[in-house]
Amino acid sequence: MNELAATVFAAAGVFAGTNIDDLVVLTVLFLSARATGVPRPAAIWAGQYAGIAALTAVSAAAALGLAVVPGTWVGLLGLVPLALGVRTLLRNRRDAAPAVPARTAWAVAGVTIANGADNIAVYTPVLRTAGLAAGAVIIAVFAVLTAVWCLAGAWLGGHRHVVTLLEKAGHWLVPAVFILIGLVIIAESGLLPV
């Protein structure tokens, strides 16, 4: 296998391994978009791309040796999806129509970034050791796979069984997913002593 193919496959593995959780979030967002019209699919796509771009940029900067926020402080990013989930759960308790945790591209990007501590931790050493040409290939693979992730989330969000499940439990399941993601980010960061 040549060097380019090896780089592409390695980048695809890194992306898939660090973004499985994003696929769940994207599915929930696309389900919400189908059910309520919010967020708009374009906002989901734009937010996901903005979030992945920000995570990749921070990782590239860290790979260049720039000082970044201490690792445990990255757990503070978990407060974003946690707060969105709690707020939505509280709104859903008093409103007849379920609220959506991320209504705009900026909110989707915020959730993607908050959910990306593992991305930064993995992307940084990968980009540091890759070199300029391989780094550009890796970033291109990430861009292509972001589209694949959005397409997969949209497809899952339109799947009959998934839609049926969320119609029955979506008013609490959608915010619960955001709360869980926030708690996992905080717990895995080492921010809180165990």
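Derivation of every value follows stated rules applied to the coordinates shown; laboratory data play no part. Here the structure is a predicted model, which is why all the values come from computation and not from measurement. Positions of Cβ are backbone-derived with ideal geometry, glycine not excepted, and every protein chain shown enters the neighbour counts.
So here's what we get for this one:
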{"read-out": "Neighbour-count ranking [beta-carbon atoms within 10 angstrom, fewest first] of I52, I139, I20", "value": "I20, I139, I52"}
{"read-out": "For F15, F9, order by how many other beta-carbon atoms lie within 10 Å, fewest first", "value": "F9, F15"}
{"read-out": "Burial ranking of peptide ranges 141-149, 106-114, 125-133 (average Cβ count within 10 Å, highest at the top)", "value": "106-114, 141-149, 125-133"}
